Amino acid sequence: MGGAPACSPGGSRGARGRRPGRDLVGNEPARVGQADALSTAADQSTAADQSDGATRRVTWERVLVDDTLVRYAACGSGPPTLFLHGWGLRPHAYARAIEAMATAGCRVYAPALPGFGGTRELELSERSFAGYGRWLDRFATAVLPAGQPFALVAGHSFGGGVATAFAHARPDRCGGLLLVNAVGSPVWARYADELRTMVERPLWDWGLNFGADVVRSPAAVRTFASLVGDVASNLVHNPLGLVRTSGIARCADLVDEVATVAGQGTPVVVAWSDRDRVMSRAAFDDLRRAAGVDGIVFEGPHAWLVADPAGFGELAIMALAESGATLERPTLRSV
């Protein structure tokens with residue numbers, strides 16, 4: 001019960017055709033600085049804040065899933081969307097990022113995933129990304145009318161793997177997929193004569209680089225307080241669960257699933273940050289190529305969206321535009 005699970009294997013354009021901003025694979029990803037602003041995003045955010053500012057603040061709600069109360073953040077109004085947090089965290093650390101995502105003109109639901117934030121762990125047979133995807137489908141049924149799709153499913157880090165599994169299993173409930181520094185590729189590092197996998201990466205290296213990632217943030221104090229508070233809460237309430245879920249992340253191989261989601265016509269946006277020491281550039285390249293997109297590179301560490309919620313809000317607007325949920329897609333300015 002206490003150990004990490006053993007790994008098992010497996011883990012183009014769609015019918016809708018090529019969209020603006022989804023360039024041919026092989027080009028360098030678009031690069032975005034933390035100080036960049038999208039005039040479109042700013043205009044939409046200002047209008048939204050003036051019209052319904054009260055709905056632009058996170059509220060904390062509970063819903064019954066599998067006979068267990070699940071706490072989730074909710075924010076905004078408009079088409080329903082999902083935001084899924086990273087490993088070891090809860091939605092709390094992402095509150096400002098969730099609020100920024102809501103300024104895109106959507107209602108965001110951000111549940112505490114099983115094993116985190118007080119949500120009961122999945123049963124042993126369901127402890128996989130596919131199992132998390134099935135749980136998410138049940139959560140969706142609990143908070144939305146039967147069969148209603150999400151306009152966008154966004155996931156950061158571990159949450160990106162869960163988002164991929166959900167989009168793969170339920171394409172009818174996912175209008176678009178946004179992967180941010182996402183778990184999903186089995187590649188740790190790729191060299192000219194060697195390929196090293198995530199399974200080969202020692203746990204201490206994950207921990208060391210996660211800590212270094214936080215300290216290197218330009219908003220280190222705010223980021224550190226947000227992240228450490230969430231990790232500490234999970235350590236107190238379910239330390240063994242952190243070990244078990246870390247094993248799921250280390251064994252992840254969702255490259256084929258990302259390719260299938262894109263091949264079915266679901267728009268996929270893949271983003272990464274240039275100082276990420278938790279998820280490698282090689283892993284990002286695997287996912288963007290599987291999705292058939294160039295991808296977008298932000299400035300910052302693994303948890304850049306906690307320190308730069310406005311930048312994440314701009315990314316969410318673009319992803320919603322890709323999904324067809326908004327009318328106009330903003331243009332990212334290069335650095």
For region 76-153, the per residue accessible area (1.4 Å probe, Å²) is 31 Å²
Accessible area of D285, 1.4 Å probe, to the nearest 10 Å²? 20 Å²
Could you compute the FRET efficiency for D67 and D137, with r as their C-beta to C-beta distance and R0 at 22 Å, rounded to 0.05? 0.85
Once label points are set 7 Å from the Cα along Cα→Cβ at both Q148 and D172, what is their separation, rounded to one decimal in nm? 1.7 nm
Looking at region 54-88, which trypsin sites (Lys or Arg not before Pro) are in a loop (DSSP not H, G, I, E or B) and have at most 10 other Cβ atoms within 10 Å? none
Within the accessible area of region 64-168 (1.4 Å probe), percent carbon and sulfur: 54 percent
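The values are calculated or read from the model by the stated rules, or taken from the named source; none is laboratory data. Predicted model, so just to flag it, every value in this text is computed and none were measured. For neighbour counting, all protein chains shown are included, and Cβ atoms are generated from backbone atoms with ideal geometry for every residue, glycine included. Just so you know, the surface numbers come from the protein's heavy atoms only, side chains and all, with ligands and any DNA or RNA stripped out. Shrake-Rupley method; radii C 1.70, N 1.55, O 1.52, S 1.80 Å.
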